[in-house]
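Structure record follows, encoded as structure tokens.
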Amino acid sequence: MAGLLDASLTWSPGPEVLARQTVAWGKRLLDALEELGRLFADRIQAAAQRDAPWTDRTSHARQGLTGRCERIANGIVIVLFHAVSYGIWLEVANAGAYAAILPALEANYAPLMAAITRLVK
């Protein structure tokens with residue numbers, strides 16, 4: 001029984017190295033997520049522009065659909081927005097019959113989550 005009480009823990013190379021490596025891994029992961037986010041922001045933008053259900057009159061609304069990936073605190077956010085003032089009406093008028101943003105986001109949700117899962121496994 002005395003042998004169990006004499007046990008000790010030896011850190012190699014040491015807890016400070018483990019802490020630095022953990023922080024570095026977190027930064028690399030966030031960088032990779034941001035890169036993945038940019039890729040998907042471009043895909044989502046392209047899908048929204050391609051699949052927008054309205055008939056173009058000037059093509060400004062379609063061209064103004066913009067996807068971006070932004071870094072926030074400890075994460076990223078992907079946004080898709082209209083650059084024309086009447087874009088909100090395309091999204092909400094007529095019970096959303098001409099919406100382009102939500103359908104593009106929904107269509108890319110599962111592939112994005114699968115890519116994130118592969119990244120962190």
Restricting the range 96-105 to residues that are over 13 Å from Arg43 (Cβ atoms), assigned to a helix (DSSP H, G or I) and at pLDDT 95 or above, the one least open to solvent (accessible area, probe 1.4 Å) turns out to be Ile101
If you go through Tyr98, Tyr109, Tyr86, the only one that is in contact with a Pro (Cβ under 7 Å, 6 or more places away or on another chain) and among the hydroxyl-bearing types (Ser, Thr, Tyr) is Tyr98
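Using the structure shown, decide if Gln49 is closer than 30 Å to Arg118 by Cα and out of contact with any helix residue (DSSP H, G or I) (no Cβ under 6 Å at 6 or more places or on another chain).
no
Select from the range 66-91 the residues that are more than 17 Å from the chain's Cα centre (by Cα) and surrounded by 13 or more Cβ atoms within 10 Å (Cβ to Cβ) and write down the one among them that is farthest from Pro103 (Cα to Cα).
Val84
Being touching a strand residue (DSSP E or B) at 6+ places or on another chain (Cβ under 6 Å), modelled with pLDDT of 90 or more and within 30 Å of Leu119 (Cα to Cα): is that true of Leu39 here? Working first, answer last.
On the way: touching a strand residue (DSSP E or B) at 6+ places or on another chain (Cβ under 6 Å): no; modelled with pLDDT of 90 or more: yes; within 30 Å of Leu119 (Cα to Cα): yes.
Criteria not met by Leu39.
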Here the residues within the range 1-48 that are among the β-branched types (Val, Ile, Thr) and either outside any loop (DSSP other than H, G, I, E, B) or open to solvent by less than 80 Å² (accessible area, probe 1.4 Å) (or both) are Val17, Thr22, Val23, Ile44
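The values are calculated or read from the model by the stated rules, or taken from the named source; none is laboratory data. Everything numeric here is computed off the predicted structure, so don't read it as measured data. Heads up, the Cβs are rebuilt from the backbone with ideal geometry, glycines too, and the neighbour counts pull from every protein chain shown. Surface accessibility is based on the protein's heavy atoms, side chains included, excluding ligands, DNA and RNA. Shrake-Rupley method; radii C 1.70, N 1.55, O 1.52, S 1.80 Å.
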